[in-house]
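What follows is one structure encoded as structure tokens, with my remarks underneath.
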There are 2 protein chains.
Amino acid sequence: MTVTDVAIVGVGKIARDQHVPAIEASGDFRLAATVSRSGGVDGVDNFATLDALLAARPDIPAISFCNPPQVRYAGARAALEAGRHVMLEKPPGASLSEVHDLAALAEARGLTLQATWHSRHAASVAAAKAFLAGRRIRLVRIDWKEDVRVWHPGQQWIWQAGGLGVFDPAINAFSILTEILPVPVHVTAAELRFPVNCETPIAAEVEMAGPRGERVLAALDFLHEGDPMWRQVVETDAGTLTLDQGGAIMSVDGGAQQGEAWSAPGIEGEYPSLYARFAELLAARTCEVDLRPMVLVADAFTLGRRVDAPAFVDPALAGDR
Amino acid sequence: MTVTDVAIVGVGKIARDQHVPAIEASGDFRLAATVSRSGGVDGVDNFATLDALLAARPDIPAISFCNPPQVRYAGARAALEAGRHVMLEKPPGASLSEVHDLAALAEARGLTLQATWHSRHAASVAAAKAFLAGRRIRLVRIDWKEDVRVWHPGQQWIWQAGGLGVFDPAINAFSILTEILPVPVHVTAAELRFPVNCETPIAAEVEMAGPRGERVLAALDFLHEGDPMWRQVVETDAGTLTLDQGGAIMSVDGGAQQGEAWSAPGIEGEYPSLYARFAELLAARTCEVDLRPMVLVADAFTLGRRVDAPAFVDPALAGDR
């Protein structure tokens, strides 16, 4: 089996928690280099800039971008122009227009671009999709609630324009929703609560509809204390599906749980599956860029009414002020 | 030559000012019916609801939607499901997701769906595109400034979520921009000024970038008094193009003006050209749904910083309060 050298750009929380272990466990990839100004991975070649990596290591054919979405575009474009295949952590960029540009470039150059949605690779998503196929959807209730102080400590970019705020986790819910539903849905209304000192929302409610009166009600909250709630409940004409723990486990009509519960979200399986998919795309030299989750987020921002919320100060950064 | 019967849904300002005269002047279409709760067009069959029209007039193969974008989707979907071809006034809907849904349905049914951008049919847009082809773009300055009290009197929907506010006219600028530029651009930053009593912005600044450092700076203002300013100036490596009066006239390096100036915007040519294009699409049984202008708007809402602006009261509605 061929092992492909891959470089990681942006060695932050998601890279250390997920990408590096997934690559180390993969038979398809080897971590050949990193780009980070604040330190790389022990024993792996680190570069201060992407330009330095591209110049020094023409032998590395694939680059995985784990840096914040606001600074993703220039690097991804440079990598594609240098003939490298690209994987993008979610969300794939700060704007839809920039990702359309990257996708067109990758297609034109015959390179692989993968816009990843790790939650689609959670253990029970495929089973949920199979259950819903052919059923009539009535109502989907999404609760996506977590404590940002626990799950995103010190991540200032999430509060800056383009960082999406509570939609950074909620886009995971939307990535599952668009994968499992047998019908398209579109945003009809939203209310977004912006802390008065932040550029992105800390909570939101989003309403969507399908072509046959299907309804989706999403409640998103970044100040939810205790155990996170990453759940969607789908009422159909033939049973109610509960997909819980971010897609890891499911049950029907309150019956026995299927799937694999986890202790830390996504650690068991999602990212290894993403890299296995990346290997398939590389072998086929094709792209996978499904922007539907990001379109729903953009629609919520466009349609959403804005409401002020109290100022938010990240405890992990409070000492800096 | 075949004349196609067309019905108009929503007999408001844009229908009376543009669609009805364009259809009357067209050799391709005949206005066969309207749907309006507040009165139709003299001598033309009027229905109170779209459902009534669809049931009573199976002989009308094409429907042109001129109603506000927030209520567009259900009707357009019903029309397509009833096997009718559909033209959508700009913006084509209140959300990107709903237009994607309509486009997929039209494709699946082999029907024509045209998401129109009337400003692309302005007299000098094609010449501007030809001028810019092969040139290196440096900077585009867009000034899109008009008095909403003059151009949108009493149009409450424009201030309601999904109505886009100042982006309702500015999407015309973006439709021209995406048509004439030889490179893609993406939104990098925006500032949106929301009147404290409105759900949509009354002014905005939007910055965009291209892959080679091309820059776009757009200044949008809905409180601009006097003559409207609908202008984009494109600085290139070989001359500066000024496209003015919403695309009607152009000049290069301050030289002589080309194109046809108008007294009332768009009245001479844009809508007749839209309907001529609709006829071509019907003959070819194809769709034309280019959502790039709307993606740029959605990106500006998603990325944009929000700033409060003074309350705005439409003088045409002030008597109602």
Starting from residues that are touching a helix residue (DSSP H, G or I) at 6+ places or on another chain (Cβ under 8 Å) and touching a residue at least 40 places away in the same chain (Cβ under 8 Å), keep the ones in region B:210-227 and report whichever is nearest to residue B:181 (Cα to Cα). B:216
Among strands (runs of 3 or more DSSP E) entirely inside region B:1-66, those with 2 or more residues being among the aliphatic types (A, V, I, L, M) and in contact (Cβ under 8 Å) with a residue 24 or more places away in the chain are B:4-9, B:29-35, B:62-65
Residue among A:23, A:14 that is modelled with pLDDT of 95 or more and of a type in the set (Val, Ile, Thr): A:23
Residue that is nearest to the chain's Cα centre (by Cα), among those in region B:82-110 that are surrounded by fewer than 24 Cβ atoms within 10 Å (Cβ to Cβ) and part of a loop (DSSP other than H, G, I, E, B): B:90
I'd like the full set of residues that are without any contact (Cβ under 8 Å) to a residue 40 or more places away in the chain, more than 13 Å from residue A:74 (Cα to Cα) and either aliphatic (A, V, I, L, M) or in the same structural domain as residue A:302 (by TED's automatic domain parsing) (or both), limited to region A:92-124. A:104, A:108
Say whether the condition of being without any contact (Cβ under 8 Å) to a residue 60 or more places away in the chain, hydroxyl-bearing (Ser, Thr, Tyr) and closer than 28 Å to residue A:208 by Cβ is met by at least one residue in region B:166-188. no
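Matching residues to (1) closer than 20 Å to residue B:244 by Cα; (2) within 13 Å of another protein chain (Cβ to nearest Cβ); (3) in contact with a His (Cβ under 6 Å, 6 or more places away or on another chain):
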{"residue": "B:76", "(1), (2), (3)": "no, yes, no"}
{"residue": "B:81", "(1), (2), (3)": "no, yes, no"}
{"residue": "B:130", "(1), (2), (3)": "yes, no, no"}
{"residue": "B:145", "(1), (2), (3)": "yes, no, yes"}
{"residue": "B:158", "(1), (2), (3)": "no, no, yes"}
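Matching residues to (1) polar (S, T, N, Q); (2) outside any strand (DSSP E or B); (3) closer than 22 Å to residue A:126 by Cβ; (4) at pLDDT below 95:
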| position | (1), (2), (3), (4) |
| --- | --- |
| A:263 | yes, yes, yes, yes |
| A:266 | no, yes, yes, yes |
| A:308 | no, no, no, yes |
| A:313 | no, yes, no, yes |
Please go through region B:214-244 and pick out each residue that is within 16 Å of residue B:128 (Cα to Cα) and of a type in the set (D, E, K, R). B:231, B:235, B:237, B:244
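Suppose we filter B:76, B:25 for residues that are over 22 Å from residue B:287 (Cα atoms) and small (Gly, Ala, Ser); which single one remains?
Residue meeting the stated conditions: B:25.
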So which residues in region A:1-30 are closer than 21 Å to residue A:155 by Cβ, buried (at least 20 other Cβ atoms within 10 Å of the Cβ) and of a type outside the set (Val, Ile, Thr), if there are any at all? A:10, A:15, A:18, A:19, A:22
Residue under evaluation residue B:241, criteria (1) modelled with pLDDT of 95 or more; (2) surrounded by 17 or more Cβ atoms within 10 Å (Cβ to Cβ); (3) not in a strand (DSSP E or B), criterion not met: (3)
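Search region A:290-321 for residues being away from chain B (no Cβ under 14 Å) and among the small types (Gly, Ala, Ser), and hand back the single one that is surrounded by the most Cβ atoms within 10 Å (Cβ to Cβ).
Checked region A:290-321; the qualifying residue surrounded by the most Cβ atoms within 10 Å (Cβ to Cβ) is A:316.
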Given the condition surrounded by 22 or more Cβ atoms within 10 Å (Cβ to Cβ), away from chain B (no Cβ under 14 Å), of a type outside the set (Asp, Glu) and under 21 Å from residue B:185 (Cβ atoms), answer yes or no: does some residue in region A:31-40 qualify? no
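Among the candidates B:150, B:125, single out the residue that is more than 21 Å from residue B:296 (Cβ to Cβ), among the β-branched types (Val, Ile, Thr) and out of contact with any Lys or Arg (no Cβ under 8 Å at 6 or more places or on another chain).
It is B:150.
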Between A:233, A:216, which is surrounded by fewer than 19 Cβ atoms within 10 Å (Cβ to Cβ) and either at pLDDT below 95 or assigned to a strand (DSSP E or B) (or both)? A:233
Across region A:173-187, the tally of residues that are within 10 Å of chain B (Cβ to nearest Cβ) and farther than 30 Å from residue A:311 by Cβ stands at 5
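Results for (1) within 14 Å of chain B (Cβ to nearest Cβ); (2) over 26 Å from residue A:293 (Cα atoms); (3) among the hydrophobic types (A, V, I, L, M, F, W, C), shown as yes or no for each residue.
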position: A:60; (1), (2), (3): no, yes, yes
position: A:72; (1), (2), (3): yes, no, no
position: A:87; (1), (2), (3): no, no, yes
position: A:105; (1), (2), (3): yes, no, yes
position: A:110; (1), (2), (3): no, no, no
position: A:115; (1), (2), (3): no, no, yes
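The values are calculated or read from the model by the stated rules, or taken from the named source; none is laboratory data. Bear in mind that the values here come from a model prediction, so they are computed numbers and not experimental data. Backbone-built Cβ (ideal geometry, glycine too); neighbour counts: all protein chains shown.
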